[in-house]
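The values are calculated or read from the model by the stated rules, or taken from the named source; none is laboratory data. Just so we're clear, the structure is a prediction, and the values are computed from it rather than from any experiment. In this analysis, Cβ positions are derived from the backbone assuming ideal geometry, glycine residues included, and neighbour counts consider all displayed protein chains.
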Amino acid sequence: MRAAPTGTDPQGAPTLGSFTGGQLRRLGSVAGLSRADVETYAQVLTDALGPVAQRPLSLAPPTRSFLSDDHTPVEFSLSFRPGAAPAMRVLVEPGCGATSLADNGRAGLEAVRRMARRWHFTTDALDELLDLFLPPTPQGPLALWCALELRPGGVPGVKVYLNPAAGGEERSAATLREALRRLGHHRAFDTLPQGSGYPFLALDLGDWAEPRAKVYLRHDNLTAGQAGRLSRTDSGPTPTAVEGFFRTAGGLGPDAGGLDGRPVQSCHSFTDLGAARPSGFTLYIPVRDYVRHDGEALARASTMLHHHGMDASVLNRALAALTERRPEDGVGLIAYLALAHQGDRPPRVTAYLSSEAYTVRPPVVETVRQPLSVR
């Protein structure tokens, strides 16, 4: 099942750039960005995609991008905070048109360097790690992704995602340890919880109040009790709060086991070079693998937003801005739900939203776990 093509090139044929750019414009309006800002950011997205932005959607995806299930190299997200407009972000794989992973990484790096020249920020932290994450013959499912936090004023916050398995899955831990050491976080790796793998290292570049190095872990067959013990921050979520989010997002009853489908991910953020512990913790639930359709995912997200005093109606409008289909007619539009804590700030709930430029995954027929209220 195809998503409705709402963006077109000047000749009237829908392209990857016009489709995702149209989604960005409409979603930006929902998030409260000005018309000038969304036009600026839509062009930034087109520039980041490079030549594949002009690729007709009637063709297959340029590569089998790991960024989304239908291989669209673009993902959106809304991060909700109490009493404020949501922060909108877009994640893009700039090298998605490359014929090799090495070329993919080089194209992504050049896209980030163009952004650095445009917005006058340094890439020193990234440059320090290039031999670890962009070797001559990289391995793994990705080379470099770039996330943009779309702020009012037309200057985004920039973040890059790198693959710790670029030098081989068996070297992921050693690669991360060395990367954190080079960045000045000498004790960071030893504070991390146990996990089943290390999917990403992310770096904040440019204008951030507290630039972060973020380490992501994969957790196979995670249970609610285990999730509640993952955080290594000095302040932040209680185990009960994390368990409640885990059960609600995953649709788990009080006596259920773990989430045995697509793995849960956690992230620890490091900001203070002198601190022994991370300053932030986030838990990511791949809700699309634990619902029958997006109507159930939306209900779970709304429950969490209401629980934390956030406006759930914005998420309803966001889904309508992305697609004309009903939530019940597919699964995967809401890809992840995340609960984030940073220092002493109020928690954030983030919904990660798929573009579905190429394919809509049909609803699941069999019965799965039903959404629960937060305890």
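At-a-glance table
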read-out	value
Residues within the range 306-323 that are of a type outside the set (A, V, I, L, M) and either assigned to a loop (DSSP other than H, G, I, E, B) or within 30 Å of residue 210 (Cα to Cα) (or both), tallied	6
Only one of 179, 102 that is within 24 Å of residue 231 (Cα to Cα) and aliphatic (A, V, I, L, M)	179
Selection count where residues are more than 26 Å from residue 124 (Cβ to Cβ), part of a loop (DSSP other than H, G, I, E, B) and either in contact (Cβ under 8 Å) with a residue 24 or more places away in the chain or of a type in the set (D, E, K, R) (or both), scope the range 206-238	12
Leading residue by the ranking (nearest to residue 40 (Cα to Cα)) among those in the range 67-81 that are assigned to a loop (DSSP other than H, G, I, E, B) and touching a strand residue (DSSP E or B) at 6+ places or on another chain (Cβ under 9 Å)	73
Options 109, 203, 142, 148: the member that is in a helix (DSSP H, G or I), in contact with a strand residue (DSSP E or B) (Cβ under 8 Å, 6 or more places away or on another chain) and not polar (S, T, N, Q)	109
Residue in the range 172-188 that is under 30 Å from residue 32 (Cβ atoms) and either touching a strand residue (DSSP E or B) at 6+ places or on another chain (Cβ under 8 Å) or surrounded by 16 or more Cβ atoms within 10 Å (Cβ to Cβ) (or both) present	no
Residue within the range 175-197 that is assigned to a helix (DSSP H, G or I), among the small types (Gly, Ala, Ser) and farther than 22 Å from residue 307 by Cβ present	yes
Qualifying residue in the range 294-305 (condition: part of a loop (DSSP other than H, G, I, E, B) and touching a strand residue (DSSP E or B) at 6+ places or on another chain (Cβ under 9 Å))	no
Qualifying positions in the range 48-103 - touching a residue at least 60 places away in the same chain (Cβ under 8 Å), out of contact with any Ser or Thr (no Cβ under 8 Å at 6 or more places or on another chain) and over 22 Å from residue 159 (Cβ atoms)	60, 82, 83
When residues of the range 225-235 are limited to those that are more than 17 Å from residue 215 (Cα to Cα) and touching a His at 6+ places or on another chain (Cβ under 9 Å), the one surrounded by the fewest Cβ atoms within 10 Å (Cβ to Cβ)	235
Every residue from the range 113-140 that is of a type in the set (Val, Ile, Thr) and out of contact with any Leu (no Cβ under 7 Å at 6 or more places or on another chain)	122, 137
Complete set of residues in the range 243-289 that are in a loop (DSSP other than H, G, I, E, B) and buried (at least 23 other Cβ atoms within 10 Å of the Cβ)	278
The range 28-47 residues that are of a type in the set (Ser, Thr, Tyr), paired with ones that are assigned to a loop (DSSP other than H, G, I, E, B) and surrounded by fewer than 21 Cβ atoms within 10 Å (Cβ to Cβ) (beta carbon under 6 Å, 6 or more apart)	40/154
Some residue of the range 262-275 being charged (D, E, K, R) and modelled with pLDDT of 95 or more	yes
Number of the exception - residue 19 against (1) over 16 Å from residue 156 (Cα atoms); (2) under 19 Å from the mean Cα position of the chain (by Cα)	(2)
Of the criteria (1) aliphatic (A, V, I, L, M); (2) surrounded by 18 or more Cβ atoms within 10 Å (Cβ to Cβ); (3) over 30 Å from residue 210 (Cα atoms), which one residue 351 fails	(3)
Flag for residue 123 being in contact (Cβ under 8 Å) with a residue 24 or more places away in the chain and within 22 Å of residue 45 (Cα to Cα)	yes
Hits in the range 39-80 (condition: out of contact with any Phe, Trp or Tyr (no Cβ under 7 Å at 6 or more places or on another chain) and of a type in the set (S, T, N, Q))	40, 43, 46, 54, 58, 63, 65, 68, 79
